[in-house]
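Structure record follows, encoded as structure tokens.
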Amino acid sequence: MSQTQAVYHGGCYCGATRFEVSGKPIISAYCHCTLCQRLTGCPFVHTIHFDPPAFRWTHDGGEQALELYKVKDKPAKHRYRCKECGACVASYHAQRDRWSIWGGQLKRTHETGQIEGWREMKATHHIFYGTRMLDVEDGLAKWEGYENTSTRLG
Ligand SMILES: [Zn+2]
Ligand SMILES: [Zn+2]
């Protein structure tokens, strides 16, 4: 099979750090957990997970341009922020062996301002909905924890 996989681009606020992801995500969800809330200040984040071969850094300087940090509640998660603008730009979960990115950091099309590859990237459900800061009426499934391994809340 020589099927070429679609590639999508993203990066930090200033553009000094960039990544690309290819193919379909393992998970694309809106996360309402309190850790995401405290780390971003946002009521929920759009988190998209990939297998390691599907993720790579593409900016000049590689890890030199990034600062690695971990938080004590979740030390297996290796978070990277841009040394230039300070934005967290992607993270790697060492136990689950997965990369995750935020939907808001994916490249937009010039024409519509929409995220490129939105059909593949868009969230399919909500996770950690029990700690939500707002109700979301979008028809997607709502889970107490992760999809299919926790109580469904809506
Ligand atoms: Zn930056
Ligand atoms: Zn979260």
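In terms of its alpha-carbon gyration tensor, the stretch 7-142 comes out oblate; a/c meets the 1.5 threshold, while b/c is at least as large as a/b. Accessible surface for the chain, divided over its residues, is 59 Å² per residue with a 1.4 Å probe. Pairs exceeding a 18 Å alpha-carbon distance, out of 74/122; 77/122; 122/142: 74/122; 77/122.
Work out the length of the dipole vector of the chain about its Cα centre, built from +1 on the beta-carbon of each Lys and Arg and -1 on the beta-carbon of each Asp and Glu, and round it to the nearest 20 debye. Before the final figure, lay out the partial values.
Numbers: 20 positive and 16 negative charges, 72 e Å.
For the chain, the charge dipole is close to 340 debye.
Determine the distance separating the Cα centre of the stretch 105-131 from the Cα centre of the stretch 1-79; give it in Å without decimals. A separation of 13 Å, based on Cα centres. When both bridge partners sit in the stretch 7-142, DSSP labels roughly 85% of those beta bridges antiparallel.
Peptides 92-102, 142-152, 21-31 ordered by packing proxy, namely the average of other Cβ atoms within 10 Å per residue, highest first: 21-31, 92-102, 142-152. Amide H contacts of residue 89 (H built 1.01 Å from N, in plane; Pro and chain starts excluded): 80, 81, 82 sit under 5 Å, all sequence-distant by 5 or more or on other chains. Per residue, the chain reaches -1500 deg cm²/dmol at 222 nm when only DSSP H runs of four or more residues are counted, each adding -39500 (n - 2.57).
Each of 6, 75, 55 was placed along the dipole of the chain (beta-carbon charges, centred on the mean Cα), and the one lying farthest toward the positive end is 75.
The values are calculated or read from the model by the stated rules, or taken from the named source; none is laboratory data. All values reported here derive from a predicted model rather than from experimental measurement. Cβ sites come from the backbone with ideal geometry, for glycine too, and all protein chains shown count toward neighbours. Side chains are part of the model used for accessible areas, which takes the heavy atoms of the whole protein and leaves out ligands, DNA and RNA. Shrake-Rupley method; radii C 1.70, N 1.55, O 1.52, S 1.80 Å.
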